[in-house]
1. Pairs of lysines 8 or more apart, or on different chains, with alpha carbons under 18 Å: count those in the chain, would you?
2. Please give the contour-minus-distance gain from Asp37 to Asp158: 0.36 nm per residue of separation, less the Cα-Cα distance, rounded to one decimal in nm.
3. Helix 129-142 sits at what angle to the longest principal axis of the chain, using alpha carbons and giving 0 to 90 degrees rounded to 10?
4. Which order results if Glu221, Glu257 are arranged by neighbouring Cβ count within 10 Å, fewest first?
5. Provide, for q = 0.11, 0.14, 0.15 Å⁻¹, the log10 of I(q)/I(0) from a solvent-free Debye sum over equal Cα point scatterers in region 92-222.
6. How would you rank 162-171, 138-147, highest first, on the average number of other Cβ atoms within 10 Å across their residues?
7. Note down, for the chain, the three equivalent ellipsoid semi-axes (square root of 5 times each alpha carbon gyration tensor eigenvalue), biggest first, whole angstrom.
8. Tell me which chymotrypsin sites (Phe, Trp or Tyr not before Pro) from region 1-97 have a DSSP coil assignment and no more than 16 other beta carbons within 10 Å of their own.
Amino acid sequence: MLIQASCFLDLSCDTPVPSTFMLRPKSGVGQFVIKEDLRITPYLTMTEFADNYGNLCQRVVLPIGSVQLESRVMADCADNIDVDYNAGWIAIEYLPDYILHFLLPSRYCESDKMTDLALEITKGTKPGYEQVEAIRQWIHTNIRYQYGTTNSSTSAWDVLPTKAGVCRDFAHIGISLCRALDIPARMVTGYLYELKPMDLHAWFEAYLAGKWFCFDATQTEPKGKRITMAYGRDAADVAFASHFGNVRLNKMTVNVEEGVYWK
């Protein structure tokens, strides 16, 4: 399915601010980028590099005053995500080397504190996909989606007492509970067709039976039609914008449409 997505940012600064962005998706599993465009007004020289996870990162110094960025992409995306209840857990000694760090606690995912809860949630399930799906269902049922209840410093452990958060918090909890069971898990950011309310989105993936499977606790059922922007251990690795100074976000608009070719 063809998906066209865009993200518009209106920013302002009182002093020049070095910044990095992750606003350019690339082709990969489940998506082929047909064309994409990143514009900045006023025009500024940008450089680009790939981080440790292969994500494309744009680097720029934002000037004093107002700056607008707009990222647009058209991609051929998988209509559905893979669902396989027979996908089993992989013993740690058989995991590829590059997967191992997705087992460790990270800034927003304190998996070392969540073993008891993970065992309780997954009691009676078969190791592997069934465990992760039980975790996804538990989050969807027990954590309330509500703006304004968390911020950029909130971790998975912080959300458990309040049981309220947004997509990044849902993903952090899922990642933490998976890692507590020695299941590698990572965070993913990007676009989801027909997301309500529309915004940049976050979900998590678990490594089972030799591949990554998508899980989204904000949704009632498995959904495809996603454009992935970035992968990482948690939100610290996949922020769409990182500023090394004070930057005001005046406006942000996200649009995702089906099968609309650019004029």
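Each value in this text was obtained by applying a stated rule to the coordinates, not by laboratory testing. All values derive from a computational prediction rather than experimental measurement. Cβ: placed from backbone, ideal geometry, glycine included. Neighbour counts: every protein chain shown.
1. Eligible lysine pairs with Cα atoms under 18 Å apart amount to 10.
2. Net length gain for the segment: 39.8 nm.
3. Helix 129-142 and the main axis of the chain meet at about 70 degrees.
4. In increasing order of surrounding Cβ atoms, one gets Glu221, Glu257.
5. Taking Cα atoms of region 92-222 as identical point scatterers yields -0.34, -0.56, -0.65.
6. Values: 162-171: 21.9, 138-147: 15.0.
Listed from highest to lowest mean packing, they are 162-171, 138-147.
7. On the way: eigenvalues 200, 84, 60 Å².
Largest first, the chain gives 32, 21, 17 Å.
8. Tyr43, Tyr53, Tyr85
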